[in-house]
1. What is the Cα radius of gyration of the range 74-153 over 2.2 N^0.38 Å, N being its residue count?
2. Equivalent-ellipsoid semi-axes (√(5λ), Cα gyration tensor) for the range 1-52, whole Å, largest first?
3. From the P(r) of the range 289-473, can you give the percent of Cα pairs sitting at distances over 22 Å?
4. Where does the chain land at 222 nm, in deg cm²/dmol rounded to the nearest 500, when only DSSP H runs of n ≥ 4 count, each adding -39500 (n - 2.57), divided by all residues?
5. Seen from all sides and averaged, what is the projected area of the convex hull of the Cα atoms in the range 4-278, in nm²?
6. Below 8 Å, C-alpha to C-alpha, sequence gap of six or more: please give me the relative contact order for the range 289-473 in percent.
7. Report, for the chain, the % of DSSP beta bridges that are antiparallel, rounded to 5.
8. Thinking of the chain as a set of Cα atoms, what percent of all their pairs are more than 37 Å apart?
Amino acid sequence: MKHLHAEETFAGIKAVNREEIQSLLKKEQEGSPYKIVVLDDDPTGIQTVHGVSVFTDWTKESIQSGFQEDKSMFFILTNSRGFTETETKACHEDIAKRVQEVADEEDTPYVLISRGDSTLRGHFPLETETLKTTIEAMGHKRFDGEIIMPFFKEGGRFTIDNVHYVQSGEELIPAGETEFANDRTFGFASSHLGEYIEEKTEGRFTKENTIYISLEDLRNVAIEKITTQLLEASDFQKIVVNAVGYEDVEVFTIAFMQALKQGKHYMARSAAAFTKVIGGIADKPLLKRDDMVTKGNHGGLIAVGSHVKKTTEQLQHLLESGLVKGIEFDVHLVQDDEKFAHETKRVRLACEEAIKNGESVVYYTRRERLDLGDNMQEEELKQSVKISDAVTSIVRDLQVEPSYIVAKGGITSSSIGTVGLHVSRAEVAGQIKPGIPVWKTGQESKFPGKAYVIFPGNVGQPETLKEAVAILEGKE
């Protein structure tokens, strides 16, 4: 499939009056009765928002708290990208039942967004199909359509002519030709989103039967036409939204809310951009050091688990910068329980020593993947869980309080947040760099009120991790 030149491609797309669009959107959102419930399959889905709550469990009490808040939107962190299919199905059945029960008790209509990866990985279509089937079985409503919108500007993910692209430098590469498409768990071949849907649903939904919201209509602010397309959806029909800028999401959201008013029911599978727009989240400047770092003499802590190529490049730039001390965690020792326990303790004690001495430290898993050979995927999965648990245990068992904490990688940041730091509810403070969110940990956590930087594995340029740490260190 053809690669595109970013600057040339964007230069050829019609500009719009964004102020006018935002004014129309604001009118549409005023007085909206809908609660936006976002299920996040790893903690990076809050990449575009601030001032919203994130719950790390899905008890009825947590969901009630989310519905009873004044804010129009809340997040539930499922971390399901690290789940098996069986675990994912069970988790989404529980959430669907509880959300519907609470919505009935609170007499509040809601929109469910399944926030997935902007590079198309994750349990699709399992998550949204489970939510749909469970809610419909409760006899409340039938879903007419599913919005598919993986656009995420901050990460360089764009959908043009129904093809999803990942930006690398000045080149737009079809998603199916990137390293993300070769994911061992969530791999795919198709870059055209209609074909991707057909591939993932095994032909139950076809590219011919998919509704496409075109860039041309979005840039012509053809709200009536787009609303009509939405109203025509039936039987959970897939609706692909093209987008290269937030203005495209804003125009679509106006039409989407008009269709909701006419009694239609939709679910969305989207990246982080749609949540920001539909939640009415205003832009906020990037966070500064004083917004995040607690005063004191201790150093900060950075944990790196993700193995994607971008993470390894970013780690290398950080190590070469001299900003922090580096400690490699030899996770290949996982096959010997005694040696692995000793290695885990060694890394933790070395981190504690540095932090106590006012030196910031990064501990990182050995960069070569553990490969046990063909037909050993099940064993590799078990070992990877043990490795993840050990990476998390270093924060959980830490005996000193760092001045800040950064975790690199979706699964790593999720397990450190929920298990290592014991966070049940956090507030999103904002972003340290575009697409890189920061939690303010709750009072129940191991380190209350701490800045916790959740750095996705696949976001940023080679220098971005170094630049984020420089901000935290006051050396940018």
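Computed from the coordinates by the stated procedures, all read-outs in this text should not be read as laboratory data. A quick note: this is a predicted structure, and the numbers were derived from the prediction, not measured. Note that we place each Cβ from the backbone using ideal geometry, even for glycine, and neighbour counts take in every protein chain shown.
1. Numbers: Rg = 12.9 Å, N = 80, 2.2 N^0.38 = 11.6 Å.
Working it through for the range 74-153, the quotient is 1.11.
2. That gives 30, 22, 10 Å for the three semi-axes.
3. 42 percent
4. Estimated from H runs of four or more residues: -11500 deg cm²/dmol.
5. Values: hull surface 53.9 nm².
Averaged projected hull area, Cα only: 13.5 nm².
6. Relative contact order of the range 289-473: 31 percent.
7. DSSP beta bridges in the chain are roughly 35 percent antiparallel.
8. The share of Cα pairs beyond 37 Å in the chain comes to 25 percent.
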